[in-house]
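Participant: Quick one: structure below, then a few questions.
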Amino acid sequence: MSKKVTMQQIADHVGVSKFAVSKALAGKSGVSADTREKIIGAATQLGYFAQKKAKPGSYKQNLEPSGKSQRDTIIALIPNVRYQNRHSFYWGRIIDGITNGLEEHQLGMMIVTEHITDNFTKLINPAGVLGLIGVGLISNQLLLEIRNLGIPFVMVDHEDPLIPSDSLFMNNYECIRRVTNYLLGQGHRKLQFVGNIRYSRSFADRWLGYRSMLEEQNVPLDQWPELLSFEGENRSEMTEALDAIIHDLRREKGLPTAFVCANDSIAICVMTVLMKMGIDIPGQCSVTGFDNIEDAAMSKPSLSTVHVNKEALGQRAVETLLWRIAHPDGPKERILLSGDFVLRESTGPLPS
């Protein structure tokens, strides 16, 4: 049997106090995000979590003979409420799917939104909570706190490399490969990917899928770096940022014949910029999106995009969580749902 990894060893490894390690691993505040990241990273590398089994086993004894637990509330945790809320085209649909899934099993839901790092444990009664579904980006501090409470949880559209859990995503990689392959089939050879690849795991996977398809077809990746890192909280900010970048790109090396965008909002901003520049879409330049939000069909020209079945993501998350509660020690799963490529007016053959 290997020797137990202690908090002191982690503290020595990172060069911090044992007290800081204890706070960070308990998901408590008082440690900077940067230090917490280092501590969790060191703990993972040294095998600290591997020796600590999470506590979901305690849920078994709460199951009645019918298999139904006395606990009947599922928490839907949506911390980045500014970008992720019921009214948001993308996240709202996922929450609808979770709601429908829970209704089928006659379970209640509590939506937890605001940025509650310190109050989470005070806010909920772990004894009444059956499990938790995290939607979108959740800090590892909060994930540690949930893990330490022993609440079974699954994540939608996010995974933390340091805190393993079941996770559900669209098959972003394969979907964007299909889009890129279609554009290459239409004769396009000058393409640009648009989207901050550090924004989310999904954006990163879409970028990897795009790159891999270009490599396979021996098309050079001539990527304009600023298109992979621009920021903007809303469409007007994104359009402003993209306006400057696309003008620079045009001046330095000419416009591509196709823009592959990481989501529909970005694609709509790109189309706005191109049309202001007098570029005909798709006559001179094709544009694709991802998600198929309501605006995609209504934009002028209408946007070719990948349809993401957001309700199905939410419903499947409920099924996955209930399976996890019944099988606390089963292997963690990463579930990928496929999406359909919806062809509309924003794409066409390479301009002759």
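What follows is calculated from the coordinates using simple rules that are stated; it is not laboratory data. Nothing here was measured: the structure is a model prediction, and the numbers come from that model. All Cβ positions, even for glycine, are placed from backbone atoms using ideal geometry, and neighbour counts span all protein chains on display.
Participant: Under 5 Å between amide H atoms, partner at least 5 residues away or on a different chain: which partners does residue 306 have, H built in plane at 1.01 Å?
Facilitator: 289, 290, 291, 292, 342
Participant: Next question, about the same structure. When the Kirkwood hydrodynamic radius is evaluated over all pairs of different C-alpha atoms of segment 207-272, what value in angstrom, to one decimal, is obtained? Before the final figure, lay out each step's value.
Facilitator: On the way: mean 1/r = 0.0781 Å⁻¹.
Here the Kirkwood hydrodynamic radius works out to 12.8 Å.
Participant: Which values, in whole Å and largest first, are the semi-axes of the equivalent ellipsoid of the chain obtained as the square root of 5 times each eigenvalue of the Cα gyration tensor?
Facilitator: The equivalent ellipsoid of the chain has semi-axes of 41, 24, 18 Å.
Participant: Would you mind pulling out the separation of the Cα centroids of segment 311-336 and segment 127-158, in Å?
Facilitator: So the two Cα centres are separated by 13 Å.
Participant: With +1 on each Lys and Arg Cβ and -1 on each Asp and Glu Cβ, and nothing else charged, work out how big the dipole of the chain is about its Cα centre, in Debye to the nearest 20.
Facilitator: Numbers: 38 positive and 39 negative charges, 233 e Å.
Roughly 1120 debye for the chain.
Participant: Still on this structure: What number do you get for segment 7-51 when its Cα radius of gyration is normalised by 2.2 N^0.38 Å, N = residues?
Facilitator: Working: Rg = 9.1 Å, N = 45, 2.2 N^0.38 = 9.3 Å.
Rg over 2.2 N^0.38 Å, computed on Cα atoms: 0.98.
Participant: Mind listing the phi-derived Karplus ³J(HN,Hα) values for segment 139-155, rounded to whole Hz, using 6.51, -1.76 and 1.60 with θ = phi - 60°, and x for any glycine or proline?
Facilitator: 5, 5, 4, 5, 5, 5, 4, 5, 4, 5, 6, x, 8, x, 9, 10, 10
Participant: Could you give log10 I(q)/I(0) at q = 0.10, 0.20 Å⁻¹ for segment 172-308, computed by the Debye formula over C-alpha point scatterers of equal weight, without solvent?
Facilitator: -0.27, -1.26
Participant: Can you give me the long-range amide H partners of residue 112? Hydrogens built in the peptide plane at 1.01 Å from N, cutoff under 5 Å, separation of 5 or more residues or another chain.
Facilitator: Those qualifying (amide H under 5 Å, at least 5 residues apart or on another chain) are 76, 77, 78.
Participant: How big is the gap, in Å, between the Cα center of segment 164-200 and the Cα center of segment 1-29?
Facilitator: For segment 164-200 versus segment 1-29, the Cα centre distance is 39 Å.
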